[in-house]
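For reference, the structure discussed in these notes is given below.
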Amino acid sequence: MEKMELAIMFSGGTDSLALYGLASLGHHPNLPRPRHIHLLHMLNGMSRFHDFPRQRFETARQILARQAPLSAMGGPEGTAKLPGAVMVELDMGRLFQGLWLDRFEELMPRYNGKNLVCVACKVAMHTRAIIYCLENFIPHLVTGYARRQGYYPEQTPVFMEKIAAFSSGFGIRTHFPVYEDLEDEMITRHLLEDFGLPSTGGGERKCLFCQTLTTATEKEIGSYLDDMLPLVKQYVELRQAGRIKEAAACFPPGNSGIIQETRDRNKMD
């Protein structure tokens with residue numbers, strides 16, 4: 001993995017910030033220092049406080065640069081050599097709508113009435129990240145998922161296993177290097193403070209759905225993924241082939257049927 005291109009799902013929160021620090025300084029056995037880091041920040045259309053993640057990234061980059069190895073890594077005498085990093089904002093709102101919001105009245109009964117809005121959002125995020133990695137020849141995608149946050153349906157073993165298998169089908173390794181390590185919030189805070197980085201909240205956009213209650217079990221989560229991932233696979237393949245019309249048809253707006261019925265009725269009149 002040395003000298004690789006690496007993408008990180010970056011919310012600006014403490015876990016993804018810790019992952020960025022570990023990757024930048026090479027302080028984790030499963031994250032040798034990459035040549036370049038792509039911090040992928042997702043826009044689902046339902047968030048606010050948009051400046052928080054970028055401010056957190058810019059601050060962290062300056063702090064980490066002062067801790068990086070010096071001229072032995074190839075930089076000029078007395079200067080730090082930090083892996084190049086860029087924060088990219090990617091809009092996955094249309095995917096999110098197609099995977100849940102446009103169809104939740106239809107979908108919820110299929111999954112025992114469970115609210116899977118956050119699962120759908122994360123599927124959309126991973127899909128958008130995979131497309132970015134394919135277009136930029138990035139073989140590794142990592143996230144800051146942690147066992148202690150298993151109450152989030154997208155940070156459960158069934159989600160991670162299925163999304164990793166889905167990703168590998170496109171030649172991209174999606175993995176979760178700190179899932180076991182950051183089992184306690186104090187470990188994350190200790191790590192960040194050791195790097196001199198901000199160790200409390202404030203770096204994330206605030207999402208409308210972030211505290212949404214769900215009692216979904218791994219059974220419902222797994223069933224939803226089994227149903228949706230084949231459609232998402234088709235969408236990615238069509239998009240990569242440049243077949244934009246067919247790709248868009250994978251996730252038509254939820255009211256498209258009503259619109260068509262209205263048009264047909266008007267023609268008859």
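May I ask you to verify whether T262 is within 25 Å of L116 (Cα to Cα), modelled with pLDDT under 90 and exposed (fewer than 12 other Cβ atoms within 10 Å of the Cβ)?
No: the conditions fail for T262.
Looking only at the range 186-194, decide whether some residue is β-branched (V, I, T) and open to solvent by 60 Å² or more (accessible area, probe 1.4 Å).
Yes, there is a match, as at least one residue in the range 186-194 is β-branched (V, I, T) and open to solvent by 60 Å² or more (accessible area, probe 1.4 Å).
How about the range 100-144: which of its residues are of a type in the set (K, R), touching an Asp or Glu at 6+ places or on another chain (Cβ under 7 Å) and under 22 Å from D15 (Cβ atoms)?
If the condition is that a residue be of a type in the set (K, R), touching an Asp or Glu at 6+ places or on another chain (Cβ under 7 Å) and under 22 Å from D15 (Cβ atoms), then K122 is the only one that fits.
Is there a residue being at negative phi, touching a Cys at 6+ places or on another chain (Cβ under 8 Å) and aliphatic (A, V, I, L, M) anywhere in the range 103-112?
No - not one qualifying residue is present in the range 103-112.
Only one residue in E193, E220, E185 is among the charged types (D, E, K, R) and under 15 Å from Y145 (Cα atoms). Which one?
Working: E193 fails: under 15 Å from Y145 (Cα atoms); E220 fails: under 15 Å from Y145 (Cα atoms).
Within the list E193, E220, E185, the selection yields E185.
I'm checking my understanding of the structure. Among residues of the range 153-185 that are among the polar types (S, T, N, Q), buried (at least 19 other Cβ atoms within 10 Å of the Cβ) and under 21 Å from Y132 (Cα atoms), which one is farthest from the chain's Cα centre (by Cα)?
This residue is S167.
For residues in the range 26-83 being outside any loop (DSSP other than H, G, I, E, B) and at pLDDT below 70, which is surrounded by the most Cβ atoms within 10 Å (Cβ to Cβ)?
For the range 26-83, the residue satisfying everything is S47.
Within the range 85-100, take every residue that is open to solvent by 50 Å² or more (accessible area, probe 1.4 Å) and free of Cβ contacts under 8 Å to residues at least 60 places away in the same chain and give me the one that is nearest to M228 (Cα to Cα).
D91
Report, by residue number, each residue of the range 101-121 that is part of a helix (DSSP H, G or I) and open to solvent by 40 Å² or more (accessible area, probe 1.4 Å).
L101, F104, E105, E106, M108, P109, R110
The values are calculated or read from the model by the stated rules, or taken from the named source; none is laboratory data. Please read all numbers here as calculations on a predicted model, not as lab measurements. Glycine also receives a Cβ, built like all others from the backbone with ideal geometry; neighbour counts cover every protein chain displayed. Only protein heavy atoms, including side chains, enter the accessible area calculation; ligands, DNA and RNA are left aside. Shrake-Rupley method; radii C 1.70, N 1.55, O 1.52, S 1.80 Å.
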